[in-house]
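Everything below concerns the one structure shown next.
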C-alpha cells in the first residue's frame, strides 16, 4: 500500500512540474517557451555592409529569441552599401534595412518610399583620421593638409560644412580622391596627411594596424549628421505596424543587452557570421555604444531621433551633397515605434 502511494505521489509531482529526486533536468522549459510564442511571420534585415560591431544588437536579439517572442522569424543578411540596402527595402526585397541616414534621405528626396523607424547611431561616427606626428587638434589644423577621401563618401560631403562652421577656407586644404579600399593604406603609408571616414570602419581598421591612429569627430566640431538606423517601406509602416513595433522593440532590446554584456554580443555575431574578425568586434563595440546618443537625443530612449539632428543632416545634404528637394521630417522618420521605457 505504501508503495502504491509513493508511485501516486511521484506521478502527481511529475504532472505539476516537480522534479523527482535523483532524475536529471528534463527539457521542459524550451517546450513551454515554444508553446507560448505567438504565430511567426517571416521578415528580413539587410545590413549596410559586411558584418561589424555596429551590427551586434540584432544578432544578439536573434540568438536570445527576442524576435521570435515578437512573432518574427527574422533572417539577417550582409549588405553591399547603404544605397543598395535602401533600394532593396524600397523594392520589398527585404522587410527592414540598416542604412546610413544621409543615403536614405537622398533617396527619399527622389521619391523612394522608405522611412527610418529607429536610429542607434544618432551621434555622427564620421570624422578626420590622422597619424601622429601629424596633429589635427582643431578644424583650423586642416589648413595646408592633404585629405584622402572616396568620391561620394558621407564624410567628404560633410567636410565643407565643418570647415565653414569653424571659419576654415575649404580652399586651404587639398582633397585627394582615392578608392575607399585604399584610404587606410594611404594614411598608414603617409601618402596623405589625413583621411576622412567612419569611426568603426576606416578608423577601426587603421587602429587595429597602428594604435597610434587618432580621430576627431565632426560632431565635436559642431556638425552632427545622423549615422545608421533601421528603415522599412512606408507601406509596411501603414499596413503592418505591429511587425514594425515588434522588430524595433526586439532590436533595441538586443542592443541594450550588448551594452550590458559585450562578450555575449561579440559571440552572438561571430556565431551568426563566423568569418567576421573578432578583434574588430571587440575593439569596435565600445565605440558603437558611445554613439548611442547625440546631444539632442540624450535623456530620451535608445533609438529615438531628434528633429534637430535630422534638420542638420538635410541641410548638409542640400548645401554640399547636391541633394535636390526638401523632404519633410514626417517622410524621413518616425519615433512611434520606439519603446518609451
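Nothing in this text is a laboratory measurement; each read-out follows from the coordinates by a stated rule. Note that the structure is predicted; figures quoted are calculated from it, not measured. As a convention, Cβ positions derive from the backbone with ideal geometry for all residues, glycine included, and neighbour counts pool all protein chains shown.
Annotations for the structure displayed:
- In degrees, nearest ten, helix 307-320 long axis to first principal axis of the chain (Cα): 40 degrees
- Contour minus Cα-Cα distance for residue 234 and residue 75 (0.36 nm per residue): 55.2 nm
- Rounded to the nearest 500, the 222 nm mean residue ellipticity of the chain from helices alone is -12000 deg cm²/dmol, with -39,500 (n - 2.57) taken per DSSP H run of at least 4 residues.
- The length gained by stretching the chain between residue 165 and residue 181 to full extension, at 0.36 nm per residue less their Cα-Cα distance, is 2.8 nm.
- The chain: relative contact order in percent, alpha carbon pairs under 8 Å with at least 6 residues between: 26 percent
- Gap separating the Cα centres of region 164-195 and region 252-301, nearest whole Å: 29 Å
- Here the translational diffusion coefficient of region 220-341 follows from Stokes-Einstein with Rh set to the Kirkwood radius across Cα pairs; for 37 °C and 0.692 mPa s it amounts to 198 µm²/s.
- Between helix 278-289 and the chain: long-axis angle, C-alpha atoms, 0 to 90°, nearest 10: 80 degrees
- Förster radius 22 Å - calculated FRET efficiency between residue 271 and residue 242, Cβ distance, rounded to 0.05: 0.20
- Matching label, Cα extents along the principal axes in Å computed from the structure shown, candidates [x] 96, 59, 43; [y] 99, 44, 34; [z] 72, 45, 36: [y]
- Stretch gain in nm, segment residue 282-residue 135, where the contour uses 0.36 nm per residue and the Cα spacing is subtracted: 50.2 nm
- Over the C-alpha atoms of region 126-221, the Rg to Rh ratio, Rh being the Kirkwood estimate, stands at 0.91.
- C-alpha long axis of helix 154-165 to longest principal axis of the chain, angle in °: 50 degrees
- Computing FRET efficiency as 1/(1 + (r/R0)^6) for residue 209 and residue 174, where r is the C-beta to C-beta distance and R0 is 25 Å, gives about 0.55.
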